[in-house]
Each structure stands twice: as structure tokens, then as C-alpha cells.
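Chemist: My questions will all concern the structure given below.
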Amino acid sequence: MKDFNEILRYFPHNIYQVLKNTFEQKQNLISSLQEIRIRVNRPIILKTGQADLLIEYLVTQSEVFEVLEKLCNNSIYAYQNQICKGFITVRGGHRVGITGTAITENEKVTNLKYITSLNFRIAREVKGCSNKILKDVICKEQNTIYTSLIVSPPGKGKTTMLRDLIRNISNGVPELGFRGKTCGVVDERGEIAAMYHGIPQNDVGIRTDVIENISKDKGMSMLIRSMAPEIIACDEIGSKEDVEAIQNAVISGVKGIFTMHGKNLDDIKENQGINYLIKTKQIEKIIFLS
């Protein structure tokens, strides 16, 4: 229960007690918990890798707003930018998704009102999970890596694998004779390093610089100009702008590790830009997670 205090403290008293009692009764639940979803006038749903557990407690609008205030340290205005992006990252690297009525201006979301749903996505580091694929990613002869693309359907561990790869590459892998490399991470949605007040909550290695809250293409360009990374990494590529930024990185002599949604090679080839990077060998290795 101790590890969950950082999450439980955001909930009003009644929800806190309900969740606390549930975790005490089902102690194995904590290790497999992926999400806590609360919706106005709906039961609480605890999502695990195997099933959903419904808690018959109807959440009120005022309780959702109270959670939001606590997430924002009682200053919702200070978190307006994050709210407009649809999520807030909290201490521990946990990310809270937010939905409600969007207010737009010039086709951009400027605010969310009538907040109706919150989704606490539980951050977990699985150190060592990338050890099985290190030999496929690392090019020992040149003490660098192959520019690699990690592919899997949603929820199968792409980001977790990417994070651990970055950690290993940044720190170095003595048993493989691999010296640590300077890494630059574009953490557009705060899921890799999970920055909280500018400090990574997840271990991404000692030679890693992180830029967050910025599009992948702009972030890659800024890191290459300002921090001279040897390796660049980001999550869920796919847009035309992403492809152009990767090409610019390759021209600059920077290797990369990226992820993408997909089940097989056919899924990847449907994206013309990514398919071009593969055909021209700018992406050198593809790793599928089952």
C-alpha cells in the first residue's frame, strides 16, 4: 500500500476509503493495476492486464473537481496548458487523463470545462526488460546502436521497453563492452521520463537529456541543435513531420530509437513515410513485441 500513497492522496475521503479497502482486500491487485478510471455518475473502474474490476460507488461531479484541484495543487490556472493537452503528470510519473467539454479558439483547445472523466494511468518501470534485445540493438564494432523501431499494438509495453533501452544505452552495458552514449529524449506526452517539476520520475540514464511538452519533430530539432545527442528517442512516431525530423537526425549522424503502433510489417508499410525510412535503411532494425 505504501507505493500507492502518492496516488491515493489525490482522491476525496470517500473514494480514498473505497480504494484503500479494495486494495487491502485484494492485495495482489496492486501489482497488476494499470488504470483507475473515475467518471461522473458512474462506478469506479480498476483496469488490470486481465480484466476490469467495477467498484459500485457512484462518483459525483464535485468529487471529480476536487480530484482535479488536488492534481493542480489548488491552482488549476497554473496547469492550464497541461489540461488543454488532456493530461497531467504527477509525482511518481503517473499520468492522469482528463476529458470534458472542450473550448476551442482558432482550432486549438484553450480550455476544458465540465470535467467528466479522469483516468489515472499507473507508471511502472520494468528495469532489465530490454536486456533480451540489447544485442540486436547495439552495434558493438562501432560502439553505437542500429536506428531501431519498436512495434506493437497499444498496451503491450512499447514505452516501457523504450524507456529501459534508453537507460541501458545511456548508462552503458559493461558486459557487452558498450560505453554509455549521450541520449536525447523527446517526451511529448510525458510518458517516457515522466517529468515532474522538471525532474525525471523514471530512470532514463545518467547521460540523458529530456525535453517535454513539445511535438516530436520540433523536439528532435532542438535537441540536435542544443545538446548534440548521439542517440535520439521518442514514442509513437508516424506523422510526415516525424519522418522529416528523423531524416534530418540521420543526416546529422544521430542514431535513433522509436516506437510505433502496429501488429506486423504490413501495418508499418501502410505508413508511406515510415516505409520509406525502412526501404532506404534509415531505420535499420524493427523489433516486434508480441
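The values are calculated or read from the model by the stated rules, or taken from the named source; none is laboratory data. Note that this is a predicted model, so its numbers are computed, not measured. Cβ placement follows ideal geometry from the backbone for every residue including glycine, while neighbour counts extend to all protein chains displayed.
Chemist: Kindly state which strands (runs of 3 or more DSSP E) lie completely within region 152-235 and contain at least 3 residues that are of a type in the set (Gly, Ala, Ser) and more than 22 Å from Arg95 (Cβ to Cβ).
Modeler: No strands (runs of 3 or more DSSP E) qualify here.
Chemist: Take the residues of region 140-151 that are modelled with pLDDT of 95 or more and outside any loop (DSSP other than H, G, I, E, B): which is surrounded by the fewest Cβ atoms within 10 Å (Cβ to Cβ)?
Modeler: Among them, the one singled out is Thr144.
Chemist: Within region 237-245, identify whether any single residue is of a type outside the set (A, V, I, L, M), under 16 Å from the mean Cα position of the chain (by Cα) and assigned to a helix (DSSP H, G or I), and answer yes or no.
Modeler: Scanning region 237-245 turns up no residue that is of a type outside the set (A, V, I, L, M), under 16 Å from the mean Cα position of the chain (by Cα) and assigned to a helix (DSSP H, G or I).
Chemist: Still on this structure, I have one more. Of the conditions (1) farther than 27 Å from Lys113 by Cβ; (2) in contact (Cβ under 8 Å) with a residue 60 or more places away in the chain; (3) surrounded by fewer than 14 Cβ atoms within 10 Å (Cβ to Cβ), Arg9 clears all except one; give me its number.
Modeler: Here Arg9 meets the rest and fails (1).
Chemist: Which members of region 17-29 meet the condition of being in a helix (DSSP H, G or I) and exposed (fewer than 14 other Cβ atoms within 10 Å of the Cβ)?
Modeler: Hits for region 17-29 are Gln17, Asn21, Glu24, Gln25.
Chemist: Against the definition (under 30 Å from Gly49 (Cα atoms), in the same structural domain as Lys281 (by TED's automatic domain parsing), buried (at least 17 other Cβ atoms within 10 Å of the Cβ) and in contact with a strand residue (DSSP E or B) (Cβ under 8 Å, 6 or more places away or on another chain)), how does Asp136 come out, yes or no?
Modeler: When the stated conditions are applied, Asp136 does not pass them.
Chemist: Among residues belonging to region 179-211 that are among the polar types (S, T, N, Q) and within 14 Å of Glu125 (Cα to Cα), point out the one that is surrounded by the fewest Cβ atoms within 10 Å (Cβ to Cβ).
Modeler: Applying the filter and picking the extreme gives Gln201.
Chemist: Could you tell me whether region 275-287 includes any residue that is more than 20 Å from the chain's Cα centre (by Cα) and surrounded by 19 or more Cβ atoms within 10 Å (Cβ to Cβ)?
Modeler: Yes, region 275-287 contains a residue that is more than 20 Å from the chain's Cα centre (by Cα) and surrounded by 19 or more Cβ atoms within 10 Å (Cβ to Cβ).
Chemist: For Glu66, work out the one condition from (1) farther than 20 Å from Asn5 by Cβ; (2) among the acidic types (Asp, Glu); (3) surrounded by 15 or more Cβ atoms within 10 Å (Cβ to Cβ) it doesn't fulfil.
Modeler: In the conditions (1) farther than 20 Å from Asn5 by Cβ; (2) among the acidic types (Asp, Glu); (3) surrounded by 15 or more Cβ atoms within 10 Å (Cβ to Cβ), Glu66 misses (1) alone.
Chemist: I'd like to know if region 78-90 contains one or more residues that are at pLDDT 95 or above and closer than 30 Å to Asp203 by Cβ.
Modeler: No, region 78-90 has no match at all.
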